[in-house]
Amino acid sequence: MSEPQIQIVTENDEPLKAADKKDAYTNGWFHRMARVMLEDADGRVLLQKRAEHMEMYPGRWDNSAAGYVDVGEDYITAALRELNEEIGIKDVKLRTLGYYESRSKFDWRLLNRFNRVYRLVVSPNIKFKLEAKEVAHVQWFTVAEARQLIVDHPDLVTDGLAEVMKRFYK
């Protein structure tokens, strides 16, 4: 089964065309990312550790769930899909935490993105169903612990997690 094509957008985040990820990276085309941060009642955040074989950011800590917005999806649809696919959470109502533009690189890939971030408060005892192909495990962190991880070990986190923590978890 081939991967779905992602939504390529203009520099104003307006839909432009469909493309595969490799073309988006190679050409530096803007695309959309949906990110979800799970929190518990004590304000801890759930981070996922990406599987070691992942093409991008292998073995690094990331948002609770995150992924590309595919053609035909909006941000919220992609966020809900990724949350279900990666950690098995479905039928929830997400709250928008924020929106930002980012430009970065990973190896040869140009990552020009518009990112919409969502938040969901859950019980710390919630049961997760991890997608083993993508997620090695998940762990609760205090905001201070997550921020310290980013400072002490920037090579162990994704750019998306670093940006979300910097922008929305002071």
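The values are calculated or read from the model by the stated rules, or taken from the named source; none is laboratory data. A quick note: this is a predicted structure, and the numbers were derived from the prediction, not measured. Neighbour counts are summed over all protein chains in view; Cβ atoms, including those assigned to glycine, are modelled from backbone coordinates with ideal geometry. Areas reflect the complete protein model, heavy atoms only, side chains present, ligands, DNA and RNA absent. Shrake-Rupley method; radii C 1.70, N 1.55, O 1.52, S 1.80 Å.
Numbers below:
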| quantity | calculated |
| --- | --- |
| Any hit, the stretch 72-82, residues being small (Gly, Ala, Ser), open to solvent by less than 20 Å² (accessible area, probe 1.4 Å) and out of contact with any Ser or Thr (no Cβ under 8 Å at 6 or more places or on another chain) | yes |
| Answer from Val117, Val151 - the residue that is in a helix (DSSP H, G or I), hydrophobic (A, V, I, L, M, F, W, C) and closer than 17 Å to Trp61 by Cα | Val151 |
| Every residue from the stretch 9-21 that is on the phi < 0 side of the Ramachandran plot and outside any strand (DSSP E or B) | Thr10, Glu11, Asn12, Glu14, Asp20, Lys21 |
| From Trp108, Trp140, residue being under 16 Å from Ser64 (Cβ atoms) and among the hydrophobic types (A, V, I, L, M, F, W, C) | Trp140 |
| Residue tally, condition on the phi < 0 side of the Ramachandran plot, of a type outside the set (A, V, I, L, M, F, W, C) and open to solvent by 70 Å² or more (accessible area, probe 1.4 Å), over the stretch 97-120 | 4 |
| Subset tally (residues that are of a type outside the set (A, V, I, L, M, F, W, C), in contact with a helix residue (DSSP H, G or I) (Cβ under 6 Å, 6 or more places away or on another chain) and farther than 22 Å from Arg167 by Cβ) for the stretch 110-132 | 1 |
| Exclusive hit being in contact with a Leu (Cβ under 6 Å, 6 or more places away or on another chain) and within 24 Å of Tyr100 (Cβ to Cβ), set Leu120, Leu149, Leu161 | Leu120 |
| Pairs where the first residue, in the stretch 24-46, is more than 20 Å from Ile150 (Cα to Cα) and the second is open to solvent by less than 30 Å² (accessible area, probe 1.4 Å) and among the hydroxyl-bearing types (Ser, Thr, Tyr), C-beta under 6 Å, 6+ apart | Ala34/Tyr75 |
| Residues of the stretch 1-23 that turn out to be without any contact (Cβ under 8 Å) to a residue 24 or more places away in the chain and either surrounded by fewer than 16 Cβ atoms within 10 Å (Cβ to Cβ) or touching a Lys or Arg at 6+ places or on another chain (Cβ under 9 Å) (or both), as a count | 14 |
| Residue under evaluation Lys129, criteria (1) of a type in the set (Lys, Arg); (2) open to solvent by 70 Å² or more (accessible area, probe 1.4 Å); (3) touching a residue at least 24 places away in the same chain (Cβ under 8 Å); (4) not in a loop (DSSP other than H, G, I, E, B), criterion not met | (4) |
| Residue list for the stretch 57-98, filter: free of Cβ contacts under 8 Å to residues at least 60 places away in the same chain and closer than 21 Å to Leu149 by Cα | Pro58, Ala65 |
| Given (1) at pLDDT 95 or above; (2) in contact with a strand residue (DSSP E or B) (Cβ under 8 Å, 6 or more places away or on another chain), index of the condition Met54 fails | (2) |
